[in-house]
Amino acid sequence: MLMIAAFLGLLLLINRHQLGVNTLNDYATASHSIGVLGITFGFLATWYVGAGYTVFSGFAVSYGMIGMYVIPYGIITLLVMYLVAEKSFIWGKKYNLRTQSELLGLRYRSDFIRILTGFAGVALSIPWLLMEWYTIGYVFNYATEGLISPLVGMVIGIAVVVSYVALGGMRSVVTANIIQGLYMMFAGSAVLIWVLYSELGGLQGAMQRLQTHAPEALTYPGPGWELSPNYWTAIVLTSGLGGFMWPWVYNKLFAADSIRTIKQSVLFAPILGILSFGLLIIVAMALHPLPFAQENPQQALLWIHAEAGVWPLAFFAVLVMAASLGTVSGILNAMSTAISGDMAQVLKRDISERSALTIARWSVVLIGLGALAGAYVREGLLVFLALMTYQGMIVLSPVVLLGLYWKRANRGGAVIGFLLGMAVSFGLTLAEPAFIQTYGWTPGVYGFLITLGIMLVAGFCRPVEAHVHTLWQDIAEARGCTRQPVGGMLAAQ
């Protein structure tokens, strides 16, 4: 508890100099001033959630090798980051963009798309926010052997994060993310390696135990499951294509200070993340043969660190807390910016920057208070809802990727494709028809194909919209290319 208190105090102490933002642009993007370290660890700390050390590590504890899907998923996300980063930054810098939804509004010249995707981003982020609050409360409860209830632990976590996010915006979020990311990579990895060797016999001993006592955990799909091989491909694609579409991750592209920063961060963040989570999944798999871990998969990592002693447990508790706070701060900043910039300022054009900042700050407070009400939602339901949201985020990926790379992508195709794709994805998720289980493809894959197909058809049914040529010229100029006349560009196409 002393280490957790020291970590929370350190976050507030370092962030005390970041609490003077006075415009929504500074709140949302730190005025495009964040360097490589901030963007890299901003991605890392926001992307790798605290629930990964409880809920999702429990997946690997229970079923073994299937948890390794995070490795190919991370590689695909690296590719997606590479594809979207440069153009998003160039347009963001020129047109002073703050959010993913504002970028899509510019690309498709549509306030409706901006509001629609802004609302979708907020709605789909809620289960993740609540699950992270649960994780924070759970860490406090476990670290004090029940003295602090999960609800009180949530209140403490909410108070800390809301204070620095509401007052400091993106600058405070990234400052905290650097601390959290450095701790995750060094202290967090060190304590996982320590426990692997002190309690589980090292990597060789752990794998030999698995091979002897639970060889099915080293194969797909793992013990107790009967799944189509397509399911592996589906969860990798769904997570890989949807993983970087979350507004709380994507928006950090607009905070960078240069294209060089973006390119370096695109390389460093996924690689560091893959190494970090690869180690986590190995330790989780190694726990599979142990009876307590099998009976309590979500507590397994906390339990094994407690078995290793008070110091390993303390370091691990701070690791989980750091991961949760990194995600929560990014989600709160993205949600509040979307509510203020992508909804309020679009619906009511005369809202000033100062008023928009006030709306964003109060949104953080109200979302934090709303999280307390969400504490009464059953955790199992939240996990289901959080996993289901990926079936929505993959539907957004054609809207973003085609918008950035295909001139013919247009507003009509994006709107109709996104709405129908979401309807198919969530309709199949709720209805659970037999063919989903039989063929193994998750609902999000079907929604993705619907959106992609509609956008391709719509693109070939209409000419390229005039403003798109200007946007492509912006990219060419930023890359140092010679400006082409519009007629020449049309001929080239």
Can you pull out the residues in region 395-429 that are under 15 Å from VAL445 (Cβ atoms) and among the β-branched types (Val, Ile, Thr)?
VAL395, VAL424, THR429
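Just give me the residues in region 346-365 being open to solvent by less than 50 Å² (accessible area, probe 1.4 Å), free of Cβ contacts under 8 Å to residues at least 40 places away in the same chain and within 25 Å of the chain's Cα centre (by Cα), in sequence order. I'd like the intermediate steps shown before the answer.
Taking region 346-365 first, the residues open to solvent by less than 50 Å² (accessible area, probe 1.4 Å) are 346, 351, 356-357, 360, 363-365.
The next check asks that each one be free of Cβ contacts under 8 Å to residues at least 40 places away in the same chain; those that pass are 351, 363.
Once the filter is applied, which keeps residues that are open to solvent by less than 50 Å² (accessible area, probe 1.4 Å), free of Cβ contacts under 8 Å to residues at least 40 places away in the same chain and within 25 Å of the chain's Cα centre (by Cα), region 346-365 yields only SER363.
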How many of the residues making up region 136-158 are touching a residue at least 12 places away in the same chain (Cβ under 8 Å) and open to solvent by 50 Å² or more (accessible area, probe 1.4 Å)?
7
Flag for GLY121 being at positive phi and buried (at least 24 other Cβ atoms within 10 Å of the Cβ)
no
Hey, GLU132 acidic (Asp, Glu), touching a Gly at 6+ places or on another chain (Cβ under 6 Å) and under 27 Å from VAL174 (Cα atoms) or not
yes
Residue list for region 425-447, filter: part of a helix (DSSP H, G or I) and open to solvent by 50 Å² or more (accessible area, probe 1.4 Å):
LEU430, ALA431, ALA434, PHE435, GLN437, THR438, TYR439, TYR446
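Kindly indicate whether any position in region 252-271 is under 24 Å from THR212 (Cα atoms) and of a type in the set (Gly, Ala, Ser).
Initially, region 252-271 is screened for residues under 24 Å from THR212 (Cα atoms), giving none.
Within region 252-271 (the criterion being under 24 Å from THR212 (Cα atoms) and of a type in the set (Gly, Ala, Ser)), the answer is no, since none of the residues qualifies.
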What's the total number of residues in region 26-72 that are closer than 25 Å to MET335 by Cα, among the aromatic types (Phe, Trp, Tyr) and in a helix (DSSP H, G or I)?
6
Give me the pairs: first residue in region 388-405 and under 16 Å from LEU420 (Cβ atoms), second residue surrounded by fewer than 23 Cβ atoms within 10 Å (Cβ to Cβ), beta-carbon distance under 7 Å, and six or more apart or on different chains, which are they?
GLN391/PHE426; GLN391/THR429; GLY392/ALA120; GLY392/MET422; GLY392/PHE426; VAL395/MET422; PRO398/LEU452
Could you tell me whether region 193-211 includes any residue that is at pLDDT 85 or above and in contact with a strand residue (DSSP E or B) (Cβ under 7 Å, 6 or more places away or on another chain)?
no
Testing THR261 on (1) farther than 30 Å from ILE4 by Cβ; (2) open to solvent by 30 Å² or more (accessible area, probe 1.4 Å); (3) assigned to a helix (DSSP H, G or I), one condition comes back false. Which one is that?
(2)
Run down VAL283, VAL310, VAL249 and say which single residue is open to solvent by less than 10 Å² (accessible area, probe 1.4 Å), of a type in the set (A, V, I, L, M) and farther than 21 Å from GLY38 by Cβ.
VAL283
Just one of (1) open to solvent by 10 Å² or more (accessible area, probe 1.4 Å); (2) at pLDDT 90 or above trips up LEU97, so point out which.
(1)
Only one of (1) of a type in the set (S, T, N, Q); (2) closer than 30 Å to ARG260 by Cβ; (3) at pLDDT below 85 does not apply to THR54, and that is (2)
Give region 194-220 a look and list any residue that's open to solvent by 20 Å² or more (accessible area, probe 1.4 Å) and within 33 Å of the chain's Cα centre (by Cα), or say none.
TRP194, TYR197, SER198, GLU199, LEU203, GLN204, MET207, PRO215, GLU216, LEU218, THR219, TYR220
Checked region 74-129 for anything under 21 Å from LEU241 (Cβ atoms) and not in a helix (DSSP H, G or I); matches are THR99
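May I ask you to verify whether ALA414 is of a type in the set (Gly, Ala, Ser), more than 19 Å from PHE119 (Cβ to Cβ), in contact with a Pro (Cβ under 9 Å, 6 or more places away or on another chain) and buried (at least 24 other Cβ atoms within 10 Å of the Cβ)? Walk me through how you get there before you give the answer.
Details: of a type in the set (Gly, Ala, Ser): yes; more than 19 Å from PHE119 (Cβ to Cβ): no; in contact with a Pro (Cβ under 9 Å, 6 or more places away or on another chain): yes; buried (at least 24 other Cβ atoms within 10 Å of the Cβ): yes.
Considered against the rule, which asks whether it is of a type in the set (Gly, Ala, Ser), more than 19 Å from PHE119 (Cβ to Cβ), in contact with a Pro (Cβ under 9 Å, 6 or more places away or on another chain) and buried (at least 24 other Cβ atoms within 10 Å of the Cβ), ALA414 comes out as no.
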Out of region 236-246, which residues are at pLDDT 85 or above and either aromatic (Phe, Trp, Tyr) or open to solvent by 20 Å² or more (accessible area, probe 1.4 Å) (or both)?
LEU237, LEU241, TRP246
Of the residues in region 450-468, those that are part of a helix (DSSP H, G or I) and crowded, with 17+ Cβ neighbours inside 10 Å number 9
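Take the residues in region 63-88 that are aromatic (Phe, Trp, Tyr) and open to solvent by 40 Å² or more (accessible area, probe 1.4 Å), then tell me which one is modelled with the highest pLDDT. Give the steps one after another, and end with the answer.
Going residue by residue through region 63-88, those that are aromatic (Phe, Trp, Tyr) are 63, 69, 73, 82.
Then drop every residue that is not open to solvent by 40 Å² or more (accessible area, probe 1.4 Å), which leaves 63, 82.
Details: TYR63: 87, TYR82: 84.
Residue satisfying both the conditions and the ranking: TYR63.
The values are calculated or read from the model by the stated rules, or taken from the named source; none is laboratory data. Everything quoted here is computed from the prediction, not taken from an experiment. Cβ: placed from backbone, ideal geometry, glycine included. Neighbour counts: every protein chain shown. Ligands, DNA and RNA are stripped out before the accessible areas are found, and what is left, the full protein with its side chains, is counted by its heavy atoms. Shrake-Rupley method; radii C 1.70, N 1.55, O 1.52, S 1.80 Å.
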